[in-house]
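Everything on this sheet refers to the single structure shown next.
The values are calculated or read from the model by the stated rules, or taken from the named source; none is laboratory data. Computed from a predicted structure; not experimentally measured. Here Cβ is always computed from backbone atoms with ideal geometry, including for glycine, and neighbour counts include all displayed protein chains. For the accessible areas, the whole protein counts, side chains as well, though only heavy atoms, and no ligand, DNA or RNA atoms are used. Shrake-Rupley method; radii C 1.70, N 1.55, O 1.52, S 1.80 Å.
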Amino acid sequence: MKLTVNGEEHDLAAPTLADLLALLEFEGDWLATAVNGELIARADRASHELRDRDRVEVLSPMQGG
Amino acid sequence: MPVFYGTEIRSRLLLGTARYPSPEVLTEAVRRSGTDIVTVSLRREAAGGRQGGAFFELIRELGVHVLPNTAGCHSVSEAVLTAKMAREVFATDWIKLEVIGHHDTLQPDVFGLVEAAGILAGEGFNVFPYTTDDLVVAERLLEAGCQVLMPWCAPIGSAMGPQNMPALRAMRAHFPDVPLIVDAGIGRPSHASAVMELGFDAVLLNTAVAGAADPAAMAAAFAKTIDAGHAAYHAGILEPRDMAVPSTPIIGKAVFT
């Protein structure tokens, strides 16, 4: 399944968003996730099924002004 | 002290967290500033990366309110999604809403800003909009549900200081009961003092502190001058005159000739 994660192309077998995060070793309760421009809350990651060519964003806190 | 969305704040200085030489310097600057609110951002995390986690811990240890921003967002949808993601990470309804309209000046896209503010307010966010000093836009933002306004005084990071004092003065006069924070463009303590003397409630700074040779000392300097400007406004500032006025009484003056 082709997925774009933070702008990078991946070819992975990740049935759910939680599976994808585990595969790519994203860990921590400070992460926020979106798929195809929609927020996917932490509690919904395990049940959110990914589809071919989904665009996933994984954000974390950063310095800002 | 100012109250933003029902929360009383201990300081009139809000501090950004970007561009500091090290986390230690940032921590010391926050401490010396006495700030009660820091602004933070969200960016892409690298796979397997832990950068965000380290920063998240640092922010939590500061023990201040977190005001996440939507910095760098150029569209309504981008800003709204970023705000929602920030709310989940930081567990706060506060959002510093930026919808940037121009690449060079980083001027707010005020049309997108009003639209995004309305959407976010409708979803329970407490929106701190980074806006221009335009009164009509300010009215629209209040109608959209904002209870705080954050006009720029010069382009972000420019350190130019207040470019349009009459416009800022008019904003204070037109919205006497709305908390007003000058956000962006402050370069030196005298700039901050000048806008506080107009009656603004607070100032949001970043580069002027982070870019100083000694950020912690500069943060302390800003804290003093912001409080001084606020006290002066409430003490009643003398208006300038064209002609001299003797300050020493004429009555009783000796006549020697």
| message | Could you work out the percent of alpha carbon pairs in segment A:2-59 separated by over 14 Å, rounded to a whole number? | response | 45 percent
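When DSSP assigns beta bridges and you keep just the ones with both residues in chain B, what percent turn out antiparallel, to the nearest 5?
Numbers: 3 of 24 bridges.
Looking only at bridges with both residues in chain B, the antiparallel portion is about 10 percent.
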| note | Ranked by GNM mean-square fluctuation in chain B (Cα springs under 10 Å), the top entry among B:Pro189, B:Pro166, B:Pro215 is B:Pro166
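Can you give me the % of accessible surface on the protein assembly as shown that is carbon or sulfur? Probe 1.4 Å, all protein chains present, nothing else counted.
Percent of accessible area from carbon and sulfur atoms in the protein assembly as shown: 52.
In square angstrom and rounded to 100, what buried accessible area do you get between chains A and B, total over both, with the probe at 1.4 Å? Walk me through the intermediate numbers first.
Working: alone 4590 and 13180 Å², together 15290 Å².
What A and B bury together is about 2500 Å².
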| note | Tilt, helix B:215-235 to longest principal axis of chain B (alpha-carbon atoms), in degrees rounded to tens, equals 50 degrees
| request: Count, for each residue of A:23-29, the Cβ atoms from other chains sitting within 10 Å of its Cβ, then give me the mean as a whole number. | output: 5
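From other protein chains only, count the Cβ atoms within 10 Å of every residue's Cβ in B:13-21, then give the mean.
The per-residue average across the peptide is 2.
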| query | Accessible area per residue, 1.4 Å probe, Å², for chain A: what's the number? | reply | 52 Å²
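Sort largest first and round to whole Å: the equivalent ellipsoid semi-axes of the protein assembly as shown, each the square root of five times a Cα gyration tensor eigenvalue. Working shown, then result.
Numbers: eigenvalues 396, 85, 46 Å².
One finds semi-axes of 45, 21, 15 Å for the protein assembly as shown.
Rank-order B:152-158, B:202-208, B:171-177 by packing density, defined as the average count of other C-beta atoms within 10 Å over each peptide's residues, highest first. Present the calculation step by step, with values, prior to reporting the outcome.
On the way: B:152-158: 20.3, B:202-208: 25.4, B:171-177: 12.9.
Ranked from most to least packed, the peptides come out as B:202-208, B:152-158, B:171-177.
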| remark: In degrees rounded to 10, the 0-90 angle between helix B:51-62 Cα long axis and the longest Cα principal axis of chain B is 40 degrees
| task | Give me the aspartates and glutamates in straight-line cross-link reach of B:Lys84: C-alpha distance below 14 Å, same-chain residues under 8 apart excluded. | result | A:Glu38, A:Glu57, B:Asp93, B:Glu98, B:Glu123
| request: Quick one: which residues, 5 or more positions from B:Thr39 or on another chain, have an amide H under 5 Å from its amide H? H modelled 1.01 Å from N in the peptide plane, none for Pro or chain starts. | output: B:Leu15, B:Gly16, B:Thr17, B:Leu67
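Take every Cα pair under 8 Å in chain B that's 6+ residues apart, average their separations, divide by the length, and report that relative contact order as a whole percent. Could you put the intermediate results ahead of the total?
On the way: 494 pairs, mean separation 49.0, N = 257.
Reported relative contact order: 19 percent.
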| request: Specify the residue with the greatest mean-square fluctuation among B:Ala167, B:Ala138, B:Ala244, computed from a Gaussian network of chain B linking alpha-carbon atoms under 10 Å apart. | output: B:Ala244
| note | Diffing segment B:100-117: the Karplus 3J(HN,Hα) column from phi (6.51, -1.76, 1.60, θ = phi - 60°), in whole Hz with x for Gly and Pro, holds 7, x, 9, 5, 7, 8, 6, 5, x, 7, 5, 6, x, 4, 4, 4, 5, 4
| request: Write down Rg/Rh for chain B, rounded to two decimals, with Rg from the C-alpha atoms and Rh from the Kirkwood relation over Cα pairs. | output: 1.06
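Averaged over B:36-49, how many beta carbons belonging to a partner chain fall within 10 Å of each residue's beta carbon?
On the way: counts 0, 0, 3, 3, 5, 7, 9, 7, 9, 15, 7, 11, 4, 7.
The mean count of partner-chain Cβ atoms within 10 Å per residue comes to 6.
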| query | Per residue in segment A:1-20, which ones lose no less than 20 Å² of accessible surface when going from chain alone to all protein chains (1.4 Å probe)? | reply | A:Asn6
| request: Just tell me which aspartates and glutamates come within less than 13 Å, Cα to Cα, of A:Lys2; anything on the same chain fewer than 8 places away is out. | output: A:Asp11, A:Asp52, A:Asp54
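May I ask you to order A:56-62, B:230-236 by the average number of other C-beta atoms within 10 Å around their residues, highest value first?
Working: A:56-62: 23.4, B:230-236: 12.4.
Most protected by this proxy first, the peptides run A:56-62, B:230-236.
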| Where nothing but the Cβ of Lys and Arg (+1) and of Asp and Glu (-1) is charged, how large is the charge dipole of segment A:2-59 around its Cα centre, in debye to the nearest 20? | 140 debye
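Rounded to the nearest 20 debye, what is the charge dipole size of chain B about its Cα centre when +1 sits on each Lys and Arg Cβ and -1 on each Asp and Glu Cβ?
Numbers: 19 positive and 27 negative charges, 131 e Å.
The calculated dipole for chain B is roughly 620 debye.
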| So if we plug the beta-carbon distance of B:Ile250 and B:Asn164 into 1/(1 + (r/R0)^6) with R0 = 51 Å, what FRET efficiency do we get, rounded to 0.05? | 0.80
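Per residue of the protein assembly as shown, what 222 nm ellipticity follows from adding -39500 (n - 2.57) for every DSSP H run with n ≥ 4, rounded to the nearest 500?
Numbers: 10 runs with 111 residues, N = 322.
One gets -10500 deg cm²/dmol as the mean residue ellipticity at 222 nm.
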